[in-house]
Amino acid sequence: MDTAQAGQCGAGRGDTGSGARRARIRRAVRSFSGPDPWKRGPVLAALALALGLLMLLHAEITDRGGLGSLVETFLPWSGLFVPMLLAGALWRRSAAAGVALLLPAVTWLSLFGGLLFDKSQSGGDLTVVSHNVNVENPDPAGTARDLAASGADLLALEEMTPQATVAYGKELAKAYPYHTVQGTVGLWSKLPLSDSRSVDVLRGDAGSLAETRRAEDLPVDPPRALRTTVATDRGPLVVYVAHLGSVRLMPRHGFWTDSRDVGAVALAKAVAAEQNERVVVLGDMNGTTDDRAFDGLASQLHSAQEAAGKGFGFSWPASFPMARIDQILVRGVEPKSSWVLPATGSDHLPVAASLSW
């Protein structure tokens, strides 16, 4: 008799526990059903839609004050707002915000989802490295040794001072018997070079800085881009090394990109006029390939990182990389892999790629 009663009591407690669970489930379902969830979180829903439209229509944003370029430079980071808004939607139990979040989520994945996968392959006929070595680099010789240790066949350096150029040349001479230097940029090569010349990318000859330059009668900047031909066993390869004009936040002009933009157009024209089918462009572009300023280059060349890299390959700033402004762009050759090298004494990280044809 006691045993039977105990069993009945246990069964009652089990029923109570099961009933409580069912009640909680019913409450959760009710909280996301009916008219109320669609009325909750209108601000969250509006923010989600605005974020999605920002990603979807970023090319339509005005570039007045450089706003469009600024947004496009850091566009990949817009995806961070999706989980933040999702957390808010769950907390508010807002069905409207949850549905609205589909727009930015799907748009971000369509823009950048492919970069999340490792597309690198083994092999390659030629390895190239590009590095803005930084005009204030405290150890040019050490940086040169680090870069030479990468084993690259072609090594492009940007932002060199005349004094640092001597140090780089001395350290790289043994591994790279061929080189050309034009102003602040240079290319060191294990293969013969020919037809080397500077390319005018107009660093300081546009916009407000040009007015200051003329008013103060400042000297013309040294070349910041070069073009050369590399003799490979597969035929000639044309290589450009470029350091486009800086972008700056200026009180009267906003996100100032005039010089960079003019240089990007000049470089795109030079590449378009190139007769050789195989072209590689290396350098610090002071902008990402998402930036509308590089539409002319992007229509002719492919990013090695996008084609054969893993992740975004951010290269600047070296202490906390937030954007890939150092580029390896190709035409007529196939990127097999693309990666970022360890930090040197520069504020940029070196970028590398293995190419094949």
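The values are calculated or read from the model by the stated rules, or taken from the named source; none is laboratory data. Just so you know, these numbers come straight off a predicted model, no measurement behind them. Virtual Cβ from ideal backbone geometry, glycine too; neighbours counted across all protein chains shown. The accessibility values were calculated without ligands, DNA or RNA, using every heavy atom of the protein model including side chains. Shrake-Rupley method; radii C 1.70, N 1.55, O 1.52, S 1.80 Å.
Mind listing whichever residues of segment 142-176 are of a type outside the set (A, V, I, L, M) and assigned to a loop (DSSP other than H, G, I, E, B)?
SER150, GLY151, ASP153, GLU159, THR161, LYS174, TYR176
Based on what the data block shows, is LEU297 modelled with pLDDT of 95 or more, open to solvent by less than 10 Å² (accessible area, probe 1.4 Å), more than 23 Å from GLU60 (Cβ to Cβ) and not in a loop (DSSP other than H, G, I, E, B)?
no
I'd like to check something: does segment 80-98 contain any residue that is under 18 Å from GLN305 (Cα atoms), aromatic (Phe, Trp, Tyr) and out of contact with any Ser or Thr (no Cβ under 9 Å at 6 or more places or on another chain)?
no
Any residue in segment 166-179 that is under 15 Å from VAL128 (Cβ atoms) sitting within a Cβ distance under 8 Å of a residue that is open to solvent by 70 Å² or more (accessible area, probe 1.4 Å)? List the pairs, counting only those 6 or more apart or interchain.
Qualifying pairs under 8 Å: LEU172/HIS179; ALA175/LYS190; TYR176/LYS190; TYR178/LYS190.
Among the residues of segment 172-179, are any touching a Pro at 6+ places or on another chain (Cβ under 9 Å) and either farther than 23 Å from VAL238 by Cα or of a type in the set (A, V, I, L, M, F, W, C) (or both)?
Within segment 172-179, not a single residue is touching a Pro at 6+ places or on another chain (Cβ under 9 Å) and either farther than 23 Å from VAL238 by Cα or of a type in the set (A, V, I, L, M, F, W, C) (or both).
Which condition from (1) modelled with pLDDT of 90 or more; (2) surrounded by fewer than 19 Cβ atoms within 10 Å (Cβ to Cβ); (3) not aliphatic (A, V, I, L, M) is the one that GLY254 breaks?
(1)
Quick check on segment 180-189. Is at least one of its residues at pLDDT 95 or above and either exposed (fewer than 15 other Cβ atoms within 10 Å of the Cβ) or over 16 Å from GLY283 (Cα atoms) (or both)?
no
Within segment 92-111, identify whether any single residue is closer than 19 Å to PRO342 by Cα and within 26 Å of the chain's Cα centre (by Cα), and answer yes or no.
no
Among the listed residues ALA266, ALA206, which satisfies the condition of being out of contact with any Phe, Trp or Tyr (no Cβ under 7 Å at 6 or more places or on another chain), more than 19 Å from VAL135 (Cα to Cα), at pLDDT below 95 and small (Gly, Ala, Ser)?
It is ALA206.
Do you know which of the residues in segment 281-294 that are outside any loop (DSSP other than H, G, I, E, B) and not β-branched (Val, Ile, Thr) is surrounded by the fewest Cβ atoms within 10 Å (Cβ to Cβ)?
Ranking the qualifying residues of segment 281-294, first place goes to ARG292.
Among residues belonging to segment 154-179 that are closer than 15 Å to THR228 by Cβ and surrounded by fewer than 22 Cβ atoms within 10 Å (Cβ to Cβ), point out the one that is farthest from the chain's Cα centre (by Cα).
Checking each candidate, the answer is PRO177.
Considering only residues of segment 52-81 that are surrounded by fewer than 18 Cβ atoms within 10 Å (Cβ to Cβ) and closer than 20 Å to PRO317 by Cα, which is farthest from the chain's Cα centre (by Cα)?
Result: LEU80.
Return a yes/no flag: does segment 16-35 have any residue that is surrounded by 19 or more Cβ atoms within 10 Å (Cβ to Cβ), in contact with a helix residue (DSSP H, G or I) (Cβ under 7 Å, 6 or more places away or on another chain) and either modelled with pLDDT under 95 or under 28 Å from ARG292 (Cα atoms) (or both).
No, segment 16-35 contains no residue that is surrounded by 19 or more Cβ atoms within 10 Å (Cβ to Cβ), in contact with a helix residue (DSSP H, G or I) (Cβ under 7 Å, 6 or more places away or on another chain) and either modelled with pLDDT under 95 or under 28 Å from ARG292 (Cα atoms) (or both).
From the list LEU56, LEU70, pick out the single residue that is free of Cβ contacts under 8 Å to residues at least 60 places away in the same chain and among the aliphatic types (A, V, I, L, M).
From the options LEU56, LEU70, the qualifying one is LEU56.
I want to confirm something. Restricting to segment 92-112 and keeping residues that are open to solvent by 80 Å² or more (accessible area, probe 1.4 Å) and hydrophobic (A, V, I, L, M, F, W, C), which single residue is farthest from LEU44 (Cα to Cα)?
LEU109
For segment 300-337, which residues satisfy the criterion of being assigned to a helix (DSSP H, G or I) and either surrounded by 23 or more Cβ atoms within 10 Å (Cβ to Cβ) or at positive phi (or both)?
Those that are assigned to a helix (DSSP H, G or I) and either surrounded by 23 or more Cβ atoms within 10 Å (Cβ to Cβ) or at positive phi (or both): ALA304, GLN305, ALA308.
Looking at segment 128-147, is at least one residue closer than 24 Å to GLY311 by Cβ and surrounded by fewer than 17 Cβ atoms within 10 Å (Cβ to Cβ)?
For segment 128-147, residues closer than 24 Å to GLY311 by Cβ and surrounded by fewer than 17 Cβ atoms within 10 Å (Cβ to Cβ): absent.
Can you tell me which of SER299, SER315 is in contact with a strand residue (DSSP E or B) (Cβ under 9 Å, 6 or more places away or on another chain) and without any contact (Cβ under 8 Å) to a residue 40 or more places away in the chain?
SER315
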